[in-house]
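Notes follow the structure.
The values are calculated or read from the model by the stated rules, or taken from the named source; none is laboratory data. Worth saying up front: this structure is predicted, and the values here are computed from it rather than measured. In this analysis, Cβ positions are derived from the backbone assuming ideal geometry, glycine residues included, and neighbour counts consider all displayed protein chains. All accessible areas refer to the heavy atoms of the entire protein, side chains included, with ligands and DNA or RNA removed. Shrake-Rupley method; radii C 1.70, N 1.55, O 1.52, S 1.80 Å.
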Amino acid sequence: MMSSIKNSDGIKIFSGGANEELAISIAKSLGTELSLSEVGKFSDGESFVKIGEMVRGVDCFIIQPTSYPVNDRLMETLIMIDALRRASAGSITAVLPYYGYARQDRKARARDPITARLVADLLQTAGCDRVLTMDLHCAQIQGFFTIPVDHMLGNPLLVKYYQEKFAGNKEDLVVVSPDIGSVKRSRGFAEALDISLAIIDKRRPEANVSEVMHIIGDIEGKRCIIVDDMIDTAGTICNAANALKEKGATDIYAACTHPVLSGPAIERINKSAITELVVLDTLELPEEKRIDKIKQLSVAEILADAISRIHH
């Protein structure tokens, strides 16, 4: 049972501008309220932050996924960390439910940047003492930091949803990994549900374009659950769903932690063979993206419990 936290306990929860709804839910789960802060822009587009409470000696937590517009959200986070550090905060934890630039985690080609490391360096240089995040695109990013990184997992929340949805009716269910890189995550998902696993082997000719090649495993006449860490333009997940349908799958369900859903994603999902897409609220889902096919679950209690344990 998570203990209730009050601001007088030496802890304060701040929100950037990226997902205030999640920040409010986290604070509510902790039995407290958001601390006062203001995030905005000067007329020339520069970001500014104002901290509205005393933070001297206090454990401060900043809730801020690096969602669209990514560079603005990242800059807001850095400025807020700097403001809290200069106000003598006891400790500063950046709660990044979604860690942006995580896809650039290595040099895939000559002269490529490793932007995931650059973001880690920026956070530490700004004065961050700890990072709390969820489902990094590449788990090794934890090693880019010299400060503690708490890496939460979204799978248990999604597994629980499907256990309840298909309780006593799992005989024809199969988990599908949309690509080779997601096999480990999908295997854990399948083991937790105690069902079989299939894998889609695909070739990606260029960025944000995917082409389905082969399906490894038996999916004919089965209900499939495609599991991934994030959905950006939805090309991979929709191509996978359509390929599964063509190969004889009956119903296609999809799940991911981070609903980036940029560009043509919503249109593609609407037109695809996907019956239902379950996402978490690590990223705010604007009204225009809240379509009937998408169901959103909250990570507020998971992050609130982590914050409580870090503080205590």
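Residue-wise test of (1) within 30 Å of LEU30 (Cβ to Cβ); (2) in contact with a Cys (Cβ under 9 Å, 6 or more places away or on another chain); (3) not β-branched (Val, Ile, Thr).
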{"position": "GLY248", "(1), (2), (3)": "no, no, yes"}
{"position": "ALA265", "(1), (2), (3)": "no, yes, yes"}
{"position": "ASN270", "(1), (2), (3)": "no, no, yes"}
{"position": "GLU284", "(1), (2), (3)": "yes, no, yes"}
{"position": "VAL299", "(1), (2), (3)": "yes, no, no"}
{"position": "ARG309", "(1), (2), (3)": "yes, no, yes"}
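Every residue in the range 136-154 that is open to solvent by 60 Å² or more (accessible area, probe 1.4 Å) and among the aliphatic types (A, V, I, L, M), please. Passing the criteria: only LEU153. Looking only at residues of the range 115-146 that are among the β-branched types (Val, Ile, Thr) and without any contact (Cβ under 8 Å) to a residue 24 or more places away in the chain, we find that the one that is nearest to LEU303 (Cα to Cα) is THR146.
Checked against the criterion of being in contact (Cβ under 8 Å) with a residue 60 or more places away in the chain, of a type outside the set (Asp, Glu) and within 28 Å of LEU34 (Cα to Cα), the range 232-252 contains not a single residue that satisfies it. Scanning for something part of a strand (DSSP E or B) and surrounded by fewer than 17 Cβ atoms within 10 Å (Cβ to Cβ), does the range 83-96 turn up at least one residue? The answer is no, given that none of the residues of the range 83-96 is part of a strand (DSSP E or B) and surrounded by fewer than 17 Cβ atoms within 10 Å (Cβ to Cβ). Note on the range 97-135: residues that are in contact with a strand residue (DSSP E or B) (Cβ under 7 Å, 6 or more places away or on another chain) and surrounded by fewer than 21 Cβ atoms within 10 Å (Cβ to Cβ) amount to 3. Assess whether ARG111 counts as being at positive phi and among the basic types (Lys, Arg). Spelling it out, ARG111 is indeed at positive phi and among the basic types (Lys, Arg). Looking only at residues of the range 155-167 that are open to solvent by less than 70 Å² (accessible area, probe 1.4 Å) and not in a loop (DSSP other than H, G, I, E, B), we find that the one that is modelled with the lowest pLDDT is ASN155. Among strands (runs of 3 or more DSSP E) entirely within the range 6-74, having at least 3 residues that are open to solvent by 10 Å² or more (accessible area, probe 1.4 Å) and basic (Lys, Arg) singles out no element at all. Filtering the range 276-289 to residues that are modelled with pLDDT of 95 or more and loosely packed, with under 15 Cβ neighbours inside 10 Å leaves nothing.
Among the residues of the range 277-288, is there at least one that is acidic (Asp, Glu) and farther than 25 Å from SER15 by Cα? No: the range 277-288 contains no residue that is acidic (Asp, Glu) and farther than 25 Å from SER15 by Cα.
Only residues that are free of Cβ contacts under 8 Å to residues at least 12 places away in the same chain and aliphatic (A, V, I, L, M) were counted in the range 94-113, giving 2. Just so you know, in the range 168-183 the residues that are among the small types (Gly, Ala, Ser) and open to solvent by 10 Å² or more (accessible area, probe 1.4 Å) include one that is nearest to the chain's Cα centre (by Cα), and it is GLY181.
Determine whether ILE62 is within 22 Å of LEU22 (Cα to Cα) and among the aliphatic types (A, V, I, L, M). Criteria met by ILE62.
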